[in-house]
Every structure is written in C-alpha cells, then in structure tokens.
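The next block holds one structure in the form of structure tokens; read it before the comments.
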Amino acid sequence: MTIYEPIANKENIEDVLLQLIVCLFIWVVTGASTLAAPILSETVLTTNSDGATSGSFNGGGATLTSTANLATTGSNRNFVAQYFVPSSSGTYEIGLSSSTEDTVIVFYSGTFQPSSPANNAQTVKDDFTGIRSVGVTMGTCGGQVRYCPQITENLVGGQTYYIVVTSYLPNRTVSDGVNLYIYGEPVSFGNTDQTDAAAKLETTVNLEVLNRTQSLIKFNKMYISDAIERHIIHQKNEKQDQPKSKLDFYSYEKPINRIFVDENISKFNTTSSNTQPMKNGSRWNIDTALSYVNNRNGNETTNSEIRVSVEQPGKESGTIGGAFGLQYHNSDTVNPNSGKVKNKGASFTIYNIMNVRENVFLENHLMVASAQGKAELGSNGQIWSSKFNTDSSLYGFSLRGLLKASLLDPPDFIGEKIEIWPSLSFDHSVSKAKDIRSSFEFGSIYENLKIGDSKIKVTEISVAPQFKFRPKFRNVSGLGNTLSVAPGYSCQRISSSLNNNSCGTDIHVFLVGDGDGQKRFDFQLQNLTDSETFSASLNFVMPLSHSATSSHSNSSAPIIERVLSPSVKGEINSPSSQVRREPQKVKNQAMGAISENAVKQTEFKSSDKDSVNKEPNTLPTEVVWLWELSKDSWLRVDLDKQKKEN
C-alpha cells in the first residue's frame, strides 16, 4: 500500500484561506439574518393618551434650547409627557413627526416631576436637520419640518423612560396632538399592552374553566351510562340465574343426590374477556375517552381522560361504585388572542344505581376534581401567560326505564325485537379558578398582571330515547352484541362573566356486550347553540374484570355442601359414556332459553359413592346447576372451569 502525504504549498494555503473566508461570510450573513430588525413604533400624544400626562411647569426661560434652561424659572410652559419601556437594550432614535407648534423634546432617564423639571433631564432638543428614521412619514412642527426634533439614545431594556414634549416659546399649547416615534427594538407605550393582556388572559382563563367544567359533565355522563348498562345486564343475569322451583327445575322425580365441592367457584369467564372479577364480587373497569371541540369563535380544543373504576353490584342495594380519573386538555386559541392553553387534572367520583321498580333505574353521582392550567398568548413579540389552579364539584342524577316494542318489518340488519329506554339526566357543576399568576413579557420587560378569580356554574338537562337491538351480524369484531342509538336533546345554563344559555341536539352510537353490559365503543356528536359549534367524543373501554352472571357466582366463600340437580329420567350417568346428545326439553329453564347446541356428560366427585346417580344427566355445554342448602337456592356452575382449576 502506498500512502501519499499532502504537500503544503502556497496554492493549498490560499485554497484553505478562501474556504475559511467563504464559511465566515456565510456565518455572518446567516447570523445577521437571525437578529431582529429595528422597527418603528409610533403613537399620538394627547391629554387622554395611555401612559401620558399633561400640564405645565415653570422653567425654560424665554427660549428652551438646553437642559440648563429648565432650571430658569419665570416662564410657564405647557407639556405632554409620555413614559415608555424598551423591550431590550440598544440604540434608539426618538423624534416627532408633526405638531401644531415649534416643539422641543426633553428626554428623562427616570421619572419626570413638573415641580422640578430639571431633575433627571438628560437631553433637550429643539430643531433637527439630519436624516430621519426609516419609515417615518414627516409632517411639520409649527409649519417647518426642521422644527420637529429627533435624538439618539442608548437605552436599557426593561427600564422606564420619559419623553416630555413642550414648546420652544412659553405659553403654547402642545397637548392637542403630537406624533411621537421611536425607532429601534419594540417599545411599550404606557400600560396599554399590559391592560390589553390582562383582559384577554382573564377571558382565556374563563373559557378554559368553562371548557373543563363542560368536559367533566360530558365524560361523566358517558361513564355513568356505561355503569347503568352494566347494572342492567347484571340484573337480567340475576333473574336468569334463578330457577323457578328447586324441585321442579328439570321436572323429574328422582331423589336429589348429595355431593361435595371443595373448590371456590366464584370466578367465571364470559365470551368478551379473559380477565377475572375480584373475589369479593366487585368488578374493575378502565375507561378512556377523547373529545374534540370546534367552537364558533375559532378555538379548537382536545380533551382526553383515563378513568379506573371499581363497582360492587348488588340485588337489593343496587350498584355502588367509585372512580379515579386523570384528565388532559389542550386548546389552540384564536379568540380572544392567538395562543395555547393546557390543563391537567384529576377527579374522584362515587355513584349509586338503584332499582326503583322493574326495569326502572335511578342513578346518583358526586364528583370532586382539581386541575392545574397554563395559558400562553402572544401578540407582536409580547408573551402573556397565566398559571392557575381549578377546583370543581359535580352532582347529578339520571333516570332510565324500559319500553318494549316490535318492528313489523325490520331491516335486514336488525333483529325482530327492539327495546326503547327513555332517559332523563341532570348535572350541576361549579368550578373556580384560583391562585392565578399572570405576567407580561416583552423582551426585557417583565410585569406581573392582576387577574381576579374566575367562577363558573354549569347546569345541564338532557333527555334521550335509547334504541337497543341485536344486529343480525351479532358480535361486531368483539366490540359487543347489542347496538344502541340514542338521539338526544340537551340544554345548558352557564352562570359566569361568559353568561350563555344554549340548547342543542346530540347523538350516541355504542355497542354493548351481553356478558357484562360493558360498552366497548361509544361515539357521540353534540351541537349546542348553532351549527357552527360542535363537539365529538370517542370512548373506548377495556374491562379489567367481568361482571358476574349472578350474585351467587360472586360469593367468595368456598362452597362446602351442595346438591346436584335431579338427573334426567331413564338415563345412565356413566363416566364412560362420552357421547354427544341432544338437549332434553325442560319445563323451567334458568337461562331463559337453552340453545340447541352440543351437550356433554358430566362427572362429579362424591363423598358417598353409592349415592351417586348412575343415570345420565344431560345439561347444556359446560353448565351444571347445584342446590346450595345454606342459601336454599340454585347456583349455576361452570364445570369446565372447575376441572381446569383442579
């Protein structure tokens, strides 16, 4: 291998230097382009100008041309004074472009006191004949352009300075309109920008608190609707799991046989999930929801929430539940100003669902929530921001009942039966923003702004008939067996500085699993006030456990003594008989209607081998009914699961 070493010569050195010069030139050009270009800030000074004061002082002598003249008393001069704050340190050109008089400007580094006009005075300028600042449209001052003064000063960003405009000669009027300009980095005249920022931040905070309140109501209604669906299915399964007669269940006269089961059989599988309920009969669920709101004022908001709940179903007391949720809101605003608003919080909810009468349910709920929010708006390089905490409370109830109907000629995708569940819901929520910390930033300018606390009250009443039916295509990709469509009408009353009463329509479409009553998919569209404002919500639910098919199956205590249901008359219950048979017709069926599916022989352990019935007993696949002596009731048992666990 041959290695060639570079030879340093004059041409190589020149090439390297040329490349370095080119790189340096590019760096300078690109670096300079990133620097903010000077801008022209202009304002008209009058008696009522923001940050301006007018009056008169004694000083200046017969003609005002220098700072020394200010200490000379005996001459009365009218003035208009304007304070301003530069956004950053640098060189600034300050001048007048028009005035009715031959004017003089006095520059003060610090405050201006009319009683002592010479204090803090840095510069006095009468006439100017040089080159004007870029972009200035010149008029005249006292009929002459040169009578309009201009000065150049090095200013410190964030520091307050005063410009005093007065007359060359005493006793002249100068507060009837003077055009003042400052060329350099942006400046803030008076407190107009701060006042504007405070007002718009207050409106933005109010809008965000309102959005959070409405979002809590919306999502909670979806979750409560889910809980009611689970409760309804649980109640149906309670009825289906109880035979009408303990001795007439299979309508045969053979004596029942005593068996012993030493296994806890409180756990059941359903067709919708592989997870298990808690041993005490409770069930866990996790809900996720996402909503998008496009407001007619142009603001767009995305709300999301994840919520974990635990429920204890019961026949007499109803369902009792508690839930913990985490929320996150993100808004892109254009009104009252462009910017972003973010809010994150947590909530805790308790609820109860009671059976008022058969197929009529009353639900109550109570929620407390807290959140932390941040709003950041901007205008012309200014940054307005607010940080705030929000506390919320929510109370409500809903009432739902069943009306049955049949379609004479249903569409192909709808089963024969359809259920109508009219519902009424009421929610009232109060939210308050507190500890609001607001600021105004403009380069080196930083000021704290005063914004009062915000309190929002929202009351919503909704009515909706819910149409439930089984699609003929059955389970939709595992999302559910029953399809529900619920068109509704809602009205909201908002009590705050943003007082607004609105009504509108909405529609829910969701799928419910028959095994646990859980919504797997829930989609909602809502339109309040007018067609330009709408919101859309999407909710996915992942059950962490099943709702049990009966209250007995949720018993956590081991089953000590149970009896087998009467065997089918004339059959042999031989373990060696493993033939598949058609199900026997029975007078009373615990599950409503036993499907004509394959059945299998079952085998049991017994403490008394002679007492085991030798005749066959055919039951629906994987199902056997046991009589529990201690509770004097039937219990449905999944034998396949028993064998797997054993």
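The values are calculated or read from the model by the stated rules, or taken from the named source; none is laboratory data. What you see is a predicted model; the values in this text were computed from it and never measured. Cβ placement follows ideal geometry from the backbone for every residue including glycine, while neighbour counts extend to all protein chains displayed. SASA here: full protein model, heavy atoms, side chains in, ligands and nucleic acids out. Shrake-Rupley method; radii C 1.70, N 1.55, O 1.52, S 1.80 Å.
If R0 is 51 Å, the Cβ-Cβ spacing of residue 306 and residue 360 corresponds to a FRET efficiency of close to 0.95. Across the cross-link table entries 340/468; 221/387; 221/450; 344/450, which are compared at the Cα atoms, the separations over 31 Å belong to 340/468; 221/450.
Sparse packing (at most 13 other Cβ atoms within 10 Å of the Cβ) combined with a DSSP loop state is found for none of the GluC sites (Glu not before Pro) in the range 162-243.
Taking R0 as 41 Å, what's the FRET efficiency between residue 424 and residue 450 from their Cβ-Cβ distance, rounded to 0.05?
So the FRET efficiency works out to roughly 0.40.
Computed from backbone phi with θ = phi - 60° and the Karplus coefficients 6.51, -1.76 and 1.60, the 3J(HN,Hα) list for the range 369-378 is 8, 9, 7, 10, x, 9, 10, 9, 10, x Hz; x is used for glycine and proline. Name the shape class, rounded, prolate or oblate, that the alpha-carbon gyration tensor gives for the range 28-153, where a ≥ b ≥ c are the square roots of its eigenvalues, rounded holds for a/c under 1.5, and otherwise prolate holds if a/b is larger than b/c and oblate otherwise. Note, shape of the range 28-153 comes out prolate. In the range 93-158, what percent of the accessible surface is made up of carbon and sulfur (1.4 Å probe, ligands and nucleic acids excluded)? Accessible surface attributable to carbon and sulfur in the range 93-158 totals 44 percent.
Among the protein heavy atoms, those of residue 523 account for about 80 Å² of accessible surface (1.4 Å probe, every chain in place).
Shown is the FRET efficiency for residue 489 and residue 192, computed with R0 = 56 Å from the Cβ-Cβ distance and rounded to the nearest 0.05: 0.75. The length gained on full extension between residue 434 and residue 326, counted as 0.36 nm times the residue separation minus their Cα-Cα distance, comes to 36.9 nm.
Calculate, for the range 33-118, the solvent-accessible area per residue in square angstrom, rolling a 1.4 angstrom probe over the heavy atoms of the protein chains.
Accessible surface, normalised per residue, equals 41 Å².
Overall form of the range 86-159: oblate. Here a/c, set by the Cα gyration tensor axes a ≥ b ≥ c, is 1.5 or more, and a/b is not larger than b/c. Remark: the Cα gyration tensor places the range 67-220 in the prolate category, a/c being 1.5 or greater and a/b exceeding b/c.
Can you pull the percent of the range 298-375's accessible area that's carbon plus sulfur, 1.4 Å probe, other chains left in place?
Looking at the range 298-375 in its full context, I get 59 percent from C and S.
Straightening the chain between residue 73 and residue 91 buys 3.2 nm, computed as 0.36 nm per residue apart minus the Cα-Cα spacing. Between residue 236 and residue 334, the contour length at 0.36 nm per residue exceeds the Cα-Cα span by 30.2 nm.
If a spin label sat at a point 7 angstrom from the Cα of residue 156 along the line to its beta carbon, the backbone N atoms of the range 111-128 nearer than 17 Å would be those of 111-112, 120-123.
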